[in-house]
Amino acid sequence: MPTSRPIISDAPPMPATRPKILDRAPLSITFFVVLALVVLSQLYGALVLGPASALDLGADPGTSELVQSLFGVAYAIGFLVWGPAVDRYGATRCFLIGLTVLLAATVFVACAPSMSWLLGGRIVQGAAAASFAPSVFAYFGARLPTAVRLIAVTVLTSSFLAAAVLAQVLAQLVVLAGSWRWFFILSAITLTLGLVLAMRGLRPTPGSAETGQNATRILAGLLGRLRIVLLLIATLAILGPFIALYAALGHTGHYPDSELLMLRLSALPALIWAGAASPWLTRIRPSTRMITAFTGAALASTLLVFTGHSVLGAGFGMLLLATCVSALAPATIQTLTGMSPEHYGSVTALYTFALFLGASLAALPIPVLATLAQVSTTGLVQVTALIAIPIFLLALTFTIFGSRTPQQPQ
């Protein structure tokens, strides 16, 4: 199999007229990583904030799952709009527009007077937040030197995953200390600072050379390539089982707040290790990393089936699973964008759509599973892990076939 091409072409960064604070690669990467933690926290924090907001607003407890899932579905679908828009209008313009709308929606959510208003605001939040990933990946491609692009993508993707842990921890601390609304208030303050810095520090980026193409035609063309479709199906399994297991841990009610906090923190070292190890990881073929990581994820889920009833066993199993997930995400985006670097915005849109669609829908079946399976509170984690095993094995199979299927002539 030919090795993957770089995430985009090797054209040198555009010349700068006057230095800006975000022109330097380390500062630019750090800025986007911090902002990524805030943007992605809007999705993952809802695993904790949903029940708290439903209780505070006097809503049906069953609506608490919608606080996470409605954001997530709008977030996933939004990529299909923002990805082609980045190709057409440029990364910086789309980034600033999306961040402005996200800020306004976050303020609205923080002040929502009822659950219906809250859910409406969450949909707008998700749709606006979807601008972040394709815009930033495209900005990296246009502005960063070739030598650091893949490292930047790996670090940024690791921050997406780290947000899954940090958001739940912060949300739990906020709920314990006061109102769930403070989570969104703090997010709005950080987004405001980020928007000001972005307006002053980012440089404009042009659209691609093929801006005249119809966005639907571009997406249809990409979806007509078997390798891309197979890897997109596998992408659904990267975050889906991982988030489902976290939802199961929180839904059991078995663990006190202190133990639940430690369980959520246990995966953090594994979620950030890929960023530190990126210079070494990028030397390994992306498809090899994907096959190895999916295999490891299936083994980690098997371990959770037998040890998920205890705090130590669940923590160690989630640590292993997080290690595999942190390797999977950057390897997959590197593989997919290498298949069509001229459409990096649209390819990234399809990837992030599949990635976060799996994450968004993962928590929905947990309450139903708890009822139908008639399991104990601790057994819910084990049943969820048991379901995760065939999902990872199917994803492994699609990855293997996607890697071996001959690519259509370019």
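The values are calculated or read from the model by the stated rules, or taken from the named source; none is laboratory data. All values reported here derive from a predicted model rather than from experimental measurement. All Cβ positions, even for glycine, are placed from backbone atoms using ideal geometry, and neighbour counts span all protein chains on display. Heavy atoms of the whole protein, side chains included, go into the accessibility calculation; ligands, DNA and RNA do not. Shrake-Rupley method; radii C 1.70, N 1.55, O 1.52, S 1.80 Å.
Between Leu393 and Leu186, how high is the FRET efficiency from 1/(1 + (r/R0)^6) when r is the Cβ-Cβ distance and R₀ = 25 Å? Nearest 0.05. Between Leu393 and Leu186 the formula returns 0.05. When the surface is traced with a 1.4 Å probe over the full set of protein chains, Cys111 keeps roughly 100 Å² accessible.
The Cα atoms of segment 122-171 give a gyration tensor whose axes a ≥ b ≥ c have a/c of 1.5 or more with a/b no greater than b/c, which makes the shape oblate.
Going by accessible surface with a 1.4 Å probe and the largest first, Tyr344, Tyr139, Tyr89 read Tyr89, Tyr344, Tyr139.
Between Leu197 and Thr30, the distance separating the two model label sites (each 7 Å from Cα on the Cα→Cβ line) works out to 0.8 nm.
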